Amino acid sequence: MSEVDTMRTTLIALFAASTLLAQTEISSPDGNLKISLTVSPLLDTGNGGGRGREPAPATHSRIAYSVNFRGKAVIEPSPIEIDLDGARPLGQDVRIVKSTPSSGDENYHLIAGRASDVHEHYNALALDLEETGYPNRRLQVEARAFNGAVAFRWTVPDQPSVRDFRLRGEATEFRMAKDATAYALELPNFLTMYESEFLKLPVSAFANPSGTAGTRIVGLPLLMELPGVGWTAITEADMRGNAAMYLMNPGDGRTRLRAVISPSSVDPEIRVIGSVPHRSAWRVILVADEPAQLLESNVITSLNPPSQIQDTSWIRPGKSSWDWWSGSLDPEGKPAFTTDNMKTYVDFSAKSGFEYMLVDAGWSAPGDITKMNGRVDIPALVAYAKTKNVRVWIWCHWTGIDAQMQEAFPLYEQWGVAGVKIDFMSRDDQRMIDFYYRVAENAARHHLMVDFHGATKPTGMERTWPNVMGYEAVLGMEQSKFNARDNPDNHTMLPFTRMLGGMMDYTPGSFENVTRDNFAPRSAHPMTMGTRAHQLAMYAIYEAPFQMVSDYPHAYEDQPAFDFIKAAPTAWDETRGIDGLPGEYVTVARRKGSEWFLGSMTNWTPRELNIPLTFLGAGKYTAIIYADASDADRYPKNVSIRRQTVDRNSNLKAKLAPGGGLAVRFVPAQ
């Protein structure tokens, strides 16, 4: 053993002996997950990486955490460290002053989501820490362990040595126990709408080259498979007062990921400003044996504050016709962005039993979202829709909302508008995250629902502000108008990656279904790759309280498969992740009242599925099955529709074509 190794071993042993009682941990109620918080030495060996002269080890006592699942390491001891302006990193050279274990229950109702009534128990631990030397700054770290997830956050408390909160960065890490297979949304920079593919590569493959740390960043959620351990995902919850977290691999040969906080658009050197006490967002780590189990978690909403809206009777999930995706086509198939043509979309919603119609960009005057430009008369359309029991949403650019929110929202309420689709935020620094919360609060005052497009990923805000009905942040069906990036490979990846964060406004509903060979992007009357049954399945798989029916009304006329879309709810009482692998295939079942809806999709690989129906309640059900027809590999629009009596002991067999799907409605037998 070298002299350096001997010194390292001696220092670790001495420190461990002196801080043995400082290690604390909590387990999930079912005992499967454990998060440990430790003050212990972490040895930095610099950037030498074993090449050339090895630097002398530097020993610091740092607050660190680790995560275990069924006794196996998921995340090895990883530092929690924040960099405040004008001071050394906070989290180093600390001691535990107080350790407070506790437990809690989250019992609440969601207007929209993967469950309506959430009951969640957790164990918790709060540590009060203090630096061992001057100026003896204090730091608090809180952890919670749920069944299926752990989470932690830090707080800089009010104290004489920290008067203003100015965060330069965060060096909190996620040191993976193995070189996990990552399904990662690699992004070019922080000016992002999260609209890209998830790449399947080892964590080590995302390493930043030497001297370029931070140039390769990964957006959240990040899904990973640890062979022999399980599946895990990293994301965040409760973003109030903060900026979004990204991840990067520092590129020192280890399988570790480090937090990177989105820089301010005003001062890139300062990520977050404010007063003390200041609390970070929750860092959330989901863990399961199989990836489909992750789809059932409600932890992200559980980590957010309760609803701030007392009367929620005006907040209603629902489906919507939409003029933009099809190219604002009229009944003759010609583009027409007019009041009269928008009325045909309203008529279609009324005939189909949909709650809403969405008017997209092009109605407002340049630079003024309180005035119209003469193309579509919004108040007149709203009045017409009211006679049809349909309500109208309108599109706005975020800059107009930011500049005119106080004037526009009362006006829209006066017009009778149901909600506002707000677009092109394209970043998630502190100022923009604050914008999301200001919008939700001000919109609620005027009984307006909100759908965020061109947006950051969801982090559970819809529990606090249930008028938030949607987030895009996805490579969605709109891409089919321009390129081939949205395809069955992408469709089967999204439930296990992007959708782990919550609601996802992908905008399904294409009935112009083609094979990969016959696909061509086009702006008007666009087509999509994959079968029609594949599109139907999205209405059971994709979580979207404000759900688009995106094609133009004529596309659905005399199409029996449209019945599944008309019947599918947009908010659920219960969700079951049945089976699947990211980018390969997925099966999800959701319950609304006494009925269940099931969706299955495959990538370009045809599959035979044998789906156990153990999720059903007692008694018999009539299964209305929308499956790929026998020739759907050549004619993707063809759907086989049949009925079958089943119960919870039944198995449902299906053959999925390339890019195929299965959609089933289960109705209790009379």
Would you point out the residue of segment 359-388, among those that are without any contact (Cβ under 8 Å) to a residue 40 or more places away in the chain and touching a Cys at 6+ places or on another chain (Cβ under 9 Å), that is surrounded by the fewest Cβ atoms within 10 Å (Cβ to Cβ)?
-> S364
Only one residue in G583, G577, G593 is out of contact with any Phe, Trp or Tyr (no Cβ under 8 Å at 6 or more places or on another chain) and more than 18 Å from D647 (Cα to Cα). Which one?
-> G577
(1) among the hydroxyl-bearing types (S, T, Y); (2) buried (at least 24 other Cβ atoms within 10 Å of the Cβ); (3) more than 16 Å from W322 (Cα to Cα) all hold for Y585 apart from (2)
Residues V474, V514: which one is β-branched (V, I, T), at pLDDT 95 or above and farther than 20 Å from P658 by Cβ?
-> V474
Matching entry among H525, H554, H491 (being modelled with pLDDT of 95 or more and either assigned to a loop (DSSP other than H, G, I, E, B) or under 30 Å from I300 (Cα atoms) (or both)) | H491
Note: among P331, P305, just one is under 21 Å from Y384 (Cβ atoms) and part of a loop (DSSP other than H, G, I, E, B), namely P331
In contact (Cβ under 8 Å) with a residue 40 or more places away in the chain, more than 27 Å from T528 (Cα to Cα) and in the same structural domain as F511 (by TED's automatic domain parsing): does that describe G617?
-> yes
Got a sec? Which strands (runs of 3 or more DSSP E) wholly within segment 141-214 have at least 3 residues that are under 24 Å from the mean Cα position of the chain (by Cα) and either among the small types (G, A, S) or within 26 Å of E472 (Cβ to Cβ) (or both)?
-> 181-187, 199-202
Answer from A537, A544 - the residue that is in contact with a Ser or Thr (Cβ under 7 Å, 6 or more places away or on another chain) and part of a loop (DSSP other than H, G, I, E, B) = A544
The number of residues in segment 511-547 that are within 27 Å of T575 (Cα to Cα) and surrounded by fewer than 24 Cβ atoms within 10 Å (Cβ to Cβ) is 1
Residue list for segment 248-270, filter: part of a loop (DSSP other than H, G, I, E, B) and crowded, with 23+ Cβ neighbours inside 10 Å = S262
Evaluate segment 417-435: report whether one residue or more is under 14 Å from A544 (Cα atoms), in contact with a Cys (Cβ under 9 Å, 6 or more places away or on another chain) and in contact (Cβ under 8 Å) with a residue 12 or more places away in the chain.
-> yes
When you look at K653, is it of a type in the set (K, R) and either part of a strand (DSSP E or B) or within 27 Å of the chain's Cα centre (by Cα) (or both), yes or no?
-> yes
Would you confirm whether any residue within segment 84-95 is free of Cβ contacts under 8 Å to residues at least 60 places away in the same chain, basic (K, R) and surrounded by 17 or more Cβ atoms within 10 Å (Cβ to Cβ)?
-> no
What pairs come up if the first residue lies in segment 152-166 and is more than 7 Å from V276 (Cβ to Cβ) and touching a residue at least 60 places away in the same chain (Cβ under 8 Å), the second is of a type in the set (D, E) and assigned to a loop (DSSP other than H, G, I, E, B), and their beta carbons are under 7 Å apart, counting only those six or more places apart or on different chains?
-> R166/D85
Identify, from the list D117, D105, the residue that is within 32 Å of the chain's Cα centre (by Cα) and free of Cβ contacts under 8 Å to residues at least 40 places away in the same chain.
-> D105
S640 more than 29 Å from S321 (Cα to Cα) and surrounded by fewer than 19 Cβ atoms within 10 Å (Cβ to Cβ) | no
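The values are calculated or read from the model by the stated rules, or taken from the named source; none is laboratory data. On a predicted model such as this, the values are computed, not experimentally measured, just so you know. Here Cβ is always computed from backbone atoms with ideal geometry, including for glycine, and neighbour counts include all displayed protein chains.
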